[in-house]
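Below: one structure, written as structure tokens.
The values are calculated or read from the model by the stated rules, or taken from the named source; none is laboratory data. For clarity, every value in this text was computed on a predicted model and none was experimentally measured. Because the Cβ atoms are built from the backbone with ideal geometry, glycine has one as well, and the counts that use them run over all protein chains shown.
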Amino acid sequence: MATLAFVEIPKVITDNWDGLTRGSLGLVGLPGLPSLRLGSHHLDVSGSLVGSYYFVLGYGLVLLLLVTLMFRSNLGLAFQAIREEEIAAEAAGIQVQRYRLLSLLLSAFFTGITGACYGHLIRYIEPGLVYGLHFSAIPMIFAICGGRFTILGPALAALVLYPVDQFIFHPLLPAGHEFLYGAVIILAILFMPSGVWGQVRKGHFVSIKTGSIE
């Protein structure tokens, strides 16, 4: 909750820094990402939807690989130890405050790179769009639904929930389509506290034979 509230600070700064951000008008006409060439293959990243799709897909796979490698390293083990029990982790010699700050910096770094790519893909940025509760809360919703303690879970939840929201619920309910995310949070907390992928990994899911939760 504190992280969500903190978003309001850069939003206010961006809204009032007209010389750099043009305030609430936003930045229009940003240059697109450069085209990628691999031998005879040419990928127009910003000029075509297909190019944008493959760029985002490749970027997402690279991030998943980096996160997987990180969490299998000593750094990842330290993060997981702090997540489970800070006092025990500190007793084991892990500098808790240092690693907490490092996790925040890593998260900000990858978020910043992703935001920069997003801005140059759509070529438009305005404070109400990028600092809204929508973009701030959706990653947490994907994590809760897919599995907070998994790597693939949030990614799979994003691949399923966001298209369902945009292509099904948004045309049917333009003013209230985001109720889908609220319903998903409630259902996940009540019936799948470990998330869908977390339940699958633990083997605790709805049994096909009995129809009951095991």
Quick one: which of Leu36, Leu69, Leu49 is surrounded by fewer than 11 Cβ atoms within 10 Å (Cβ to Cβ), without any contact (Cβ under 8 Å) to a residue 24 or more places away in the chain and hydrophobic (A, V, I, L, M, F, W, C)?
Leu49
Mind listing whichever residues of the stretch 191-209 are at pLDDT below 75, assigned to a helix (DSSP H, G or I) and out of contact with any Phe, Trp or Tyr (no Cβ under 7 Å at 6 or more places or on another chain)?
Arg201, Lys202
Sort out which residues of the stretch 171-191 are surrounded by 15 or more Cβ atoms within 10 Å (Cβ to Cβ) and either under 21 Å from Tyr53 (Cα atoms) or free of Cβ contacts under 8 Å to residues at least 24 places away in the same chain (or both), and write them in order of number.
His177, Leu180
If I go through the stretch 129-158 residue by residue, how many of them are surrounded by 15 or more Cβ atoms within 10 Å (Cβ to Cβ) and either without any contact (Cβ under 8 Å) to a residue 12 or more places away in the chain or outside any helix (DSSP H, G or I) (or both)?
6
If the requirement is being modelled with pLDDT of 85 or more, over 21 Å from Lys11 (Cα atoms), assigned to a helix (DSSP H, G or I) and aromatic (Phe, Trp, Tyr), which of these qualifies: Tyr99, Tyr181, Tyr118?
Tyr99
